[in-house]
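Take a look at the structure set out below.
The values are calculated or read from the model by the stated rules, or taken from the named source; none is laboratory data. All values reported here derive from a predicted model rather than from experimental measurement. Here the Cβ positions follow ideal geometry from the backbone for every residue, glycine too, while neighbour counts run over all protein chains shown. Keep in mind that these areas ignore ligands, DNA and RNA; they rest on the heavy atoms of the full protein, side chains included. Shrake-Rupley method; radii C 1.70, N 1.55, O 1.52, S 1.80 Å.
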Amino acid sequence: MNNEVLKTKTLLVIAVTLLTMIAEISFGFITKSMALTADGFHMGTHALALFITLLVCLVIARYKDKEDVLNALGGYTSALFLGATSIGIIYESVSRFINPQTISFNEAILVTVVGLIVNLICIFIMSDGHGHHHLHAHQHQPEHHHKENLNFKAAYLHILADALTSVMAILALLCGKYFGWVFFDPLIGLIGGLIILKWSVDLIKSSFNILIGAPCIKKD
């Protein structure tokens, strides 16, 4: 996928994601569903990751010789924001364990299903291009680690994680509605927060390793 096509696809996914994020967070607060709210914030984090990916693409178009460092820097920056978001979700989930709230299950399930559909659409848009190709190429060319678009790879994998989080949120809400297991809702929110936290830590490590060892940093 060339740079212009990548930018177009990324812009489209960002627009779709932001609209869905606003809907999920709004309905999450209205229905008092932590799982739905966590899924909304999670979608916001991958919108941020995609925005950073887009920004890096725009900068790389002018500074192609700095591509490795810019990709790693974008991934590192995205990971910091994701880590902060995950801590917020974990904190709110724990507070819901301590102070449970009534959930409007029908509305929450409906919006979460919509969120899952949006995630699947985003996967479809982004998978037919650079993310899949680059992941595949990287498996066959491990010696060219610094050539990997780490920022885009992270954003693509984060969309997949979003879809998984949506499925988990739907499961929690269904269990709460039909079995009365209301504790599942903050539990899934907590798990979602931990998934984001692990993802952010892994990305920080991998991008930091590239930043401190990038050849272009060492050059005069």
(message) At 1.4 Å probe radius, can you tell me the per residue accessible area of the range 1-100 in Å²?
(response) 47
(request) Report the local net charge at S95: Lys and Arg +1, Asp and Glu -1, summed over other residues whose C-beta lies under 15 Å from its C-beta. (result) 0
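All other residues with a Cβ under 13 Å from the Cβ of M21 taken together, and with Lys, Arg as +1 and Asp, Glu as -1, what is their net charge?
With Lys, Arg at +1 and Asp, Glu at -1, the net is -3.
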(request) Show me 91-104, 44-57 ranked by packing, highest mean number of other Cβ atoms within 10 Å first. (result) 44-57, 91-104
(request) Starting from the Cα of K66, step 7 Å along the direction of its Cβ; do the same at I98; then give the gap between the two resulting points in nm. (result) 4.5
(message) Using the basic label-point model (7 angstrom from Cα toward the beta carbon), what is the L194 to L18 distance in nanometres?
(response) 3.4
